[in-house]
Amino acid sequence: MVKGDGGEGNADMKKGRPKLRGTKKGRITIAISGDLVRRVERMAQSEGRSRSDYIERVLEQAVSQDEVAVKALSDPTVGRALINTFSDPAVLQGLAKAIAADLDDDQLRLFDQKVNQILGTPDRAKGGKS
């Protein structure tokens, strides 16, 4: 549900894009786990923010990071270089060790699938060429 946009947002929500004008904020209704609500409330309180302000800040950061990643992966040169580099299990294991993480084979395959999904390239695990 989108409110605060003169009513036009409801029609646009069918397309997945609410129209918001100026600095007016849109409203959404979501369902999340009770545990996550409690964690959000604790974090918001620790920062002296309202729950809404905290969620808006966290979403802004996450969406901005996702946009940068998708843009980089969508660039033909950068995307191909990243795929070729990070699809190598030895490289991933080296990075995992550098950040004190232990990636198992399933996690490595999942990473490879996600990157290939973003780039729209064949999945190496399924025998595709990239």
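Within region 53-79, can you find the residues that are surrounded by 13 or more Cβ atoms within 10 Å (Cβ to Cβ), closer than 22 Å to Lys24 by Cβ and under 15 Å from the mean Cα position of the chain (by Cα)?
Ile55, Glu56, Arg57, Val58 - these are the residues of region 53-79 that are surrounded by 13 or more Cβ atoms within 10 Å (Cβ to Cβ), closer than 22 Å to Lys24 by Cβ and under 15 Å from the mean Cα position of the chain (by Cα).
If you go through region 41-57 one residue at a time, do you hit one that is under 30 Å from Asp106 (Cβ atoms) and assigned to a helix (DSSP H, G or I)?
no
Out of all the residues in region 58-72, which are touching a helix residue (DSSP H, G or I) at 6+ places or on another chain (Cβ under 6 Å) and closer than 18 Å to Val37 by Cα?
Hits for region 58-72: nothing passes.
Based on what the data block shows, is Arg80 assigned by TED's automatic domain parsing to the domain that holds Phe111 and either modelled with pLDDT of 80 or more or touching a Lys or Arg at 6+ places or on another chain (Cβ under 7 Å) (or both)?
Spelling it out, Arg80 is indeed assigned by TED's automatic domain parsing to the domain that holds Phe111 and either modelled with pLDDT of 80 or more or touching a Lys or Arg at 6+ places or on another chain (Cβ under 7 Å) (or both).
Tell me yes or no: at least one residue of region 74-87 is in contact with an Asp or Glu (Cβ under 7 Å, 6 or more places away or on another chain), in a loop (DSSP other than H, G, I, E, B) and not aromatic (Phe, Trp, Tyr). Steps first, answer last, please.
The initial filter retains those residues of region 74-87 that are in contact with an Asp or Glu (Cβ under 7 Å, 6 or more places away or on another chain), namely 87.
When the remaining residues are screened for being in a loop (DSSP other than H, G, I, E, B), the result is 87.
Next, from what is left, pick out any that are not aromatic (Phe, Trp, Tyr): 87.
Yes: region 74-87 contains one or more residues that are in contact with an Asp or Glu (Cβ under 7 Å, 6 or more places away or on another chain), in a loop (DSSP other than H, G, I, E, B) and not aromatic (Phe, Trp, Tyr).
The values are calculated or read from the model by the stated rules, or taken from the named source; none is laboratory data. Computed from a prediction, not measured in an experiment: that's the story for all the values here. Using ideal geometry, Cβ is built from the backbone for each residue, glycine included, and neighbour counts are taken over all protein chains shown.
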